[in-house]
Amino acid sequence: MENHDIECVIEAILFVSGEPVKLSRIAAVMGVDEFDIEAAANRMRDKYSFERRGIRLLKLEDTLQLCSSPEYADYIRLALESRKPPQLSQPALEVLSIVAYFQPVTKAYIEQVRGVDSAYTVGILLERGLIEACGRLNAPGRPMLYQTTHAFLRTFGMESISELPVLPQIELPEDGREGIQAAIAELRAKEESL
């Protein structure tokens, strides 16, 4: 299959989907290697950007998605009569930062780091789709674990969580760290066994 054909199929799939689609799924459907899909996506992304098109191709970890170009957001908002989403509050940004850097984390861990009740703020971030439940900690009470979502990556313009700026050295609460690290190792072991 030629490069142009690969790009056309990717564009059609992403346009119709409206949601992120895994690279592996596109490659399987087209019968080509994931590397070819990723190379075509990179060419498309560069082309859209260079031509200052109204759409952009985003790579979010192992998925691709089409979205509108941010510079045309005001026109889109006016045409569709949608309101600008409200800004995140300082507490929401704090909780989101804790989840992003230390994921997966429990609400108790978030509250321990912040020093205040964070149930409401966690609920807001769940409603907005910026964080999601990703399992339960193997500890008394089996508290819920939270991680960031693709919507988080899209909102902050990142392809992967590894693009977060490096944190300066800080002291973390000790009594929760070992339990969370053990739970993370357990979740990863379960994930690998599936």
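The values are calculated or read from the model by the stated rules, or taken from the named source; none is laboratory data. Quantities reported herein were computed from a predicted structural model and do not represent experimental measurements. Glycine gets a Cβ as well: all are built from the backbone with ideal geometry, and neighbour counts include every protein chain shown. Calculation scope for accessible area: heavy atoms of the full protein, side chains included, ligands and nucleic acids excluded. Shrake-Rupley method; radii C 1.70, N 1.55, O 1.52, S 1.80 Å.
Tabulated results
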item: Accessible area (Å², per residue) of the range 125-169, counting only protein heavy atoms and a probe of 1.4 Å; result: 61 Å²
item: Pairs of Lys in the range 1-128 closer than 26 Å at Cα, counting only those 8 or more apart or on different chains; result: 4
item: Long-range Cα-Cα pairs in the range 44-134 (distance over 14 Å), rounded percent; result: 73 percent
item: Ranking by accessible area, most exposed first, for 144, 44 with a 1.4 Å probe; result: 144, 44
item: Size of charge dipole - the range 39-95 - debye, nearest 20, with Cβ of Lys, Arg +1 and Asp, Glu -1, no other charges; result: 240 debye
item: Accessible surface of the range 24-174, 1.4 Å probe, proportion on carbon and sulfur as whole %; result: 54 percent
item: FRET efficiency for residue 1 and residue 89, using Cβ-Cβ distance with R0 set to 41 Å, rounded to 0.05; result: 0.25
